[in-house]
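Worksheet for the structure shown next.
The values are calculated or read from the model by the stated rules, or taken from the named source; none is laboratory data. Every value quoted in this text rests on a predicted model; they were computed, and no experiment measured them. Here Cβ is always computed from backbone atoms with ideal geometry, including for glycine, and neighbour counts include all displayed protein chains.
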């Protein structure tokens, strides 16, 4: 079987769509006005992805406030916030360029999603001629909505986590039911959990194992056959062409991440200085049998933060090297991260989001070609 390829999820949003998010926050347009531009950008994303030869297509999260907040708010600024939430939560991450992203704060229970990803899948299925995938957020990210210290009166942490797991399971099941063939769970907080950033209190709480255990509470509700198509994505962040945790030694995450009983992993690697050591660790720690299924490792061969377009030959060479350490039947190719996980992303290294959008399609097309070339060289 040839080496499979799959994108993480997000694509840069057109400038006019990013401005529309701001206009909604400013009360200049209605949510219906925003949705029209979201639909236009989604249709364009799917059409262009299909032209690259991508295996699974998605709208590139054009309809989402962000990969992390789509279930609970319409915009990053908090317009359309779900019930029992306030806008002044803790930072999710502080990026290397100094900017930060903030989560809402839970004020009471019960916790319920406002929007499920199946809504996007249903719309995308009407447009796409290729199989559709959907990225969803991990419970480990949304557990940060609850205060780090103490408990909310009348709504215990345990009850919140029970409700959270139920909502995430529902999100995944409904996405499959709506027609998604693949569902990947975003787990960028995994590497960040080992950063110990004094500016960001949750990173000092040694939460990685708690994150993994919580995520498995959801993943283990699915059968082995279902888990073959449930993925985990990890990266050191990717917003405004900046990262949040790349300096954290990768082994701190990789030595534990494959405890997650998912069927495949989308693993940042192209932007690592020592790629070969990452291949070695992935080969060492990934499992041939994860409660009944093999773990397929999609290695990042494309750096979304760099406007330089990788050649198919560079992609081929990375995969051929990776195959020295990862069994080729469990090897795949992906991008390091989504190309624009947050809806307001100016893509400063690229010059503009519209140019970054064109670059993303070139990179994806070359990933697909490079994986084909690697498959031929490896005889699969």
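Please specify each residue of the range 30-62 satisfying the condition of being over 22 Å from residue 334 (Cβ atoms) and part of a loop (DSSP other than H, G, I, E, B).
Once the filter is applied, which keeps residues that are over 22 Å from residue 334 (Cβ atoms) and part of a loop (DSSP other than H, G, I, E, B), the range 30-62 yields only 30.
Is at least one residue of the range 95-102 out of contact with any helix residue (DSSP H, G or I) (no Cβ under 6 Å at 6 or more places or on another chain), without any contact (Cβ under 8 Å) to a residue 40 or more places away in the chain and over 15 Å from residue 237 (Cα atoms)?
No, the conditions are met nowhere in the range 95-102.
For residue 302, state whether it is closer than 24 Å to residue 340 by Cα and crowded, with 24+ Cβ neighbours inside 10 Å.
yes
If I go through the range 348-365 residue by residue, how many of them are outside any helix (DSSP H, G or I) and surrounded by 16 or more Cβ atoms within 10 Å (Cβ to Cβ)?
Within the range 348-365, residues that are outside any helix (DSSP H, G or I) and surrounded by 16 or more Cβ atoms within 10 Å (Cβ to Cβ) number 1.
Can you tell me which residue among 279, 264 is surrounded by 19 or more Cβ atoms within 10 Å (Cβ to Cβ), farther than 30 Å from residue 199 by Cβ and out of contact with any helix residue (DSSP H, G or I) (no Cβ under 7 Å at 6 or more places or on another chain)?
264
Are there helices (runs of 4 or more DSSP H) fully within the range 223-287 with at least 3 residues that are in contact with a strand residue (DSSP E or B) (Cβ under 6 Å, 6 or more places away or on another chain), more than 30 Å from residue 346 (Cα to Cα) and in contact (Cβ under 8 Å) with a residue 24 or more places away in the chain? List them.
In the range 223-287, no matching helices (runs of 4 or more DSSP H) lie anywhere.
Within the range 42-63, does at least one residue satisfy the condition of being in contact (Cβ under 8 Å) with a residue 60 or more places away in the chain, within 26 Å of residue 88 (Cα to Cα) and in contact with a strand residue (DSSP E or B) (Cβ under 9 Å, 6 or more places away or on another chain)?
Yes: one or more hits.
Return yes when residue 24 is in contact with a strand residue (DSSP E or B) (Cβ under 7 Å, 6 or more places away or on another chain), at pLDDT 95 or above and either buried (at least 17 other Cβ atoms within 10 Å of the Cβ) or part of a helix (DSSP H, G or I) (or both) and no when it is not.
no
Of all residues in the range 73-94, which are in contact with a strand residue (DSSP E or B) (Cβ under 8 Å, 6 or more places away or on another chain), in a loop (DSSP other than H, G, I, E, B) and either at positive phi or touching a residue at least 60 places away in the same chain (Cβ under 8 Å) (or both)?
Listed by number, the residues that qualify are 76, 84, 90.
Scan the range 132-160 for residues that are surrounded by fewer than 18 Cβ atoms within 10 Å (Cβ to Cβ) and touching a helix residue (DSSP H, G or I) at 6+ places or on another chain (Cβ under 7 Å) and jot them down.
Selection gives 148, 151.
Scan 7, 37, 85 and give me the residue that is surrounded by 17 or more Cβ atoms within 10 Å (Cβ to Cβ), at pLDDT 95 or above and farther than 26 Å from residue 356 by Cα.
85
Can you go through 333, 356 and tell me which one is touching a residue at least 60 places away in the same chain (Cβ under 8 Å), closer than 30 Å to residue 34 by Cβ and under 21 Å from the mean Cα position of the chain (by Cα)?
356
Could you figure out which of (1) more than 17 Å from the chain's Cα centre (by Cα); (2) under 30 Å from residue 369 (Cβ atoms) isn't true of residue 29?
So the condition that residue 29 fails would be (2).
Just to verify a result, which residue in the range 105-128, among those that are assigned to a loop (DSSP other than H, G, I, E, B) and in contact with a helix residue (DSSP H, G or I) (Cβ under 6 Å, 6 or more places away or on another chain), is nearest to residue 45 (Cα to Cα)?
It comes out as 128.
Give the residues of the range 171-206 that are surrounded by fewer than 16 Cβ atoms within 10 Å (Cβ to Cβ), under 20 Å from residue 262 (Cβ atoms) and out of contact with any strand residue (DSSP E or B) (no Cβ under 8 Å at 6 or more places or on another chain), sorted by residue number.
177
Which numbered condition in (1) touching a strand residue (DSSP E or B) at 6+ places or on another chain (Cβ under 9 Å); (2) not in a loop (DSSP other than H, G, I, E, B) is the only one that residue 68 fails?
Of everything listed in (1) touching a strand residue (DSSP E or B) at 6+ places or on another chain (Cβ under 9 Å); (2) not in a loop (DSSP other than H, G, I, E, B), residue 68 misses just condition (2).
Go through the range 116-131 and give me each residue that's surrounded by fewer than 20 Cβ atoms within 10 Å (Cβ to Cβ) and over 21 Å from residue 167 (Cβ atoms).
125, 126, 127, 129, 130, 131 - these are the residues of the range 116-131 that are surrounded by fewer than 20 Cβ atoms within 10 Å (Cβ to Cβ) and over 21 Å from residue 167 (Cβ atoms).
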